[in-house]
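Shown next, in structure tokens, is the structure this report addresses.
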There are 2 protein chains.
Amino acid sequence: MKLYDFYRSSAAYRVRIALGMKGIAAERAFVHLRHGAQRGDDYLAINPHGLVPALVTDEGDVLKQSLAIIEWLDETFPEPPFLPHAPVERARVRAIALGIACDIHPLNNLRVLQYLKGTFGLSEAQRNGWYKYWIDVGFEALDKELAGDRATGTFCHGDTPTLADICLVPQIANARRFEVDLTPYPTLTRIDSACAALPAFDAALPARQPDAE
Amino acid sequence: MKLYDFYRSSAAYRVRIALGMKGIAAERAFVHLRHGAQRGDDYLAINPHGLVPALVTDEGDVLKQSLAIIEWLDETFPEPPFLPHAPVERARVRAIALGIACDIHPLNNLRVLQYLKGTFGLSEAQRNGWYKYWIDVGFEALDKELAGDRATGTFCHGDTPTLADICLVPQIANARRFEVDLTPYPTLTRIDSACAALPAFDAALPARQPDAE
């Protein structure tokens, strides 16, 4: 198995955590997003969307989109599971994951920030304002939701990590990098700390990757 | 079952299609996004994220996030399936769906366009430029990917509609509303036409909803 990765990509970070939880040591290739390697012909031949991550299976299939890759890992290597058993609980976990992956992260990724700068000519302060606004909108609702739901445990759902935690931790790391004040989100930071104690989450940290700068 | 809906919401449109395909007639409640009903206390008590859709099950569970709702529907009402059987094919279908739901739609939804106008003071022409840019980036790669893959059939994956088509059709409808030129995407428009012939897709059209203006 081979992961196309970039240390700072939140979406790749999710897949690194997931691979670690399943105990899979994938081969790695690094696609330097800030240098534009994702738009090079070599990488576009692998993923025409020019996005990381991509995971090449041992059979040679190229899987794209972090959540699709993680669901595939879970279906192919069932232990430990990333989702609970009951459909309504699975829906809760997926909704937390998608709330981050669809409603927070896409607004804050590199290509969007580059568009705001390059095409609209927005200042760094304006771009940071945009960044923090969407983090706050998403985290405020999520913290409240998790804090008020008995299904929340040590982790986002119960006392074992799930797909929801796999998405939460990279988003919190990203928010920290942009110096977002996380004190209004005590439930999210409590869960983040619980995850940080687990080897798979620790090993997936951006700073621990071979391509980290 | 009760769907919190808004005729123009692409995410709610996905769930309308999915319910129709499963032959489920859900009760409906309409949350007028342009009037800000999603930020009212009544709706925030149902979904603290202030986003539609939400689906309340017959057991009273509130499900959020369109893709989580659709996966729940598929797990709970298996026929007809929204995903193929083999994990690698499921990953392909989910990746197409997520490419739309994470990388195109979130950049173009109402609250983002409102931020660009209200906070950055961008003109309608600038906002339309932004809108079309992200549609073109996503559709160009997706059309190329689908056209070059033998797994593509009458629909995004084979000859029966899947989760991928459920996400594609509302995004195309949205692009048409913003007068995006779709002629560069013949594979996407061909699949869209095939979907339009199916009753569940037709009945879910924004213009056919009771709250359409």
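The values are calculated or read from the model by the stated rules, or taken from the named source; none is laboratory data. This one's a predicted model, so the numbers in the text were calculated from it and none came from an experiment. When we count neighbours, we look across all protein chains shown, and the Cβ atoms used for this are built from the backbone with ideal geometry, even at glycine.
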task: Output yes when any residue across region B:80-89 is acidic (Asp, Glu) and under 18 Å from the mean Cα position of the chain (by Cα), and no when none is.
output: no
- prompt: Is it true that A:Thr154 is over 26 Å from B:Arg90 (Cβ atoms), surrounded by fewer than 17 Cβ atoms within 10 Å (Cβ to Cβ) and in contact (Cβ under 8 Å) with a residue 12 or more places away in the chain?
  reply: yes
- prompt: Has region B:31-43 got at least one residue that is within 12 Å of chain A (Cβ to nearest Cβ) and closer than 30 Å to A:Thr119 by Cβ?
  reply: yes
- request: For region B:131-147, enumerate the residues that are farther than 15 Å from B:Phe178 by Cβ and either at the interface with chain A (Cβ under 8 Å from one of its Cβ atoms) or in contact with a Phe, Trp or Tyr (Cβ under 8 Å, 6 or more places away or on another chain) (or both).
  value: B:Glu140, B:Ala141, B:Leu142, B:Asp143, B:Lys144, B:Glu145
Those residues of region B:170-190 which are closer than 15 Å to B:Arg14 by Cβ and touching a Phe, Trp or Tyr at 6+ places or on another chain (Cβ under 6 Å), in sequence order: B:Pro170
- request: Would you check if B:Leu63 is outside any helix (DSSP H, G or I), at the interface with chain A (Cβ under 7 Å from one of its Cβ atoms) and aliphatic (A, V, I, L, M)?
  value: yes
query: Among the residues of region B:51-60, which ones are part of a loop (DSSP other than H, G, I, E, B) and either within 19 Å of the chain's Cα centre (by Cα) or surrounded by fewer than 15 Cβ atoms within 10 Å (Cβ to Cβ) (or both)?
result: B:Leu51, B:Val52, B:Pro53, B:Asp58, B:Glu59, B:Gly60
- request: Give me the pairs, please: first residue somewhere in region B:167-189 and over 19 Å from B:Gly153 (Cβ atoms), second residue anywhere and among the acidic types (Asp, Glu) and assigned to a helix (DSSP H, G or I), beta-carbon distance under 8 Å, and either six or more positions apart or on two chains.
  value: B:Val180/B:Asp136; B:Pro184/B:Asp136; B:Pro184/B:Glu140; B:Pro184/B:Asp143
message: Only one of A:Asn128, A:Asn109 is more than 8 Å from every other protein chain (Cβ to nearest Cβ), modelled with pLDDT under 95 and within 16 Å of the chain's Cα centre (by Cα). Can you tell me which?
response: A:Asn109
message: Give all pairs with beta carbons closer than 8 Å in which a residue from region A:72-90 that is more than 9 Å from every other protein chain (Cβ to nearest Cβ) and under 19 Å from A:Gly23 (Cα atoms) meets a residue that is acidic (Asp, Glu) and buried (at least 19 other Cβ atoms within 10 Å of the Cβ); count only pairs at least 6 apart in sequence or on separate chains.
response: A:Pro81/A:Asp74; A:Phe82/A:Glu71; A:Phe82/A:Asp74; A:Leu83/A:Asp74
- prompt: Hey, A:Leu44 hits all of (1) at pLDDT 95 or above; (2) hydrophobic (A, V, I, L, M, F, W, C); (3) surrounded by fewer than 16 Cβ atoms within 10 Å (Cβ to Cβ) but one; which does it fall short on?
  reply: (1)
- prompt: From the list B:Tyr43, B:Tyr13, which one is in a helix (DSSP H, G or I) and touching a Gly at 6+ places or on another chain (Cβ under 7 Å)?
  reply: B:Tyr43
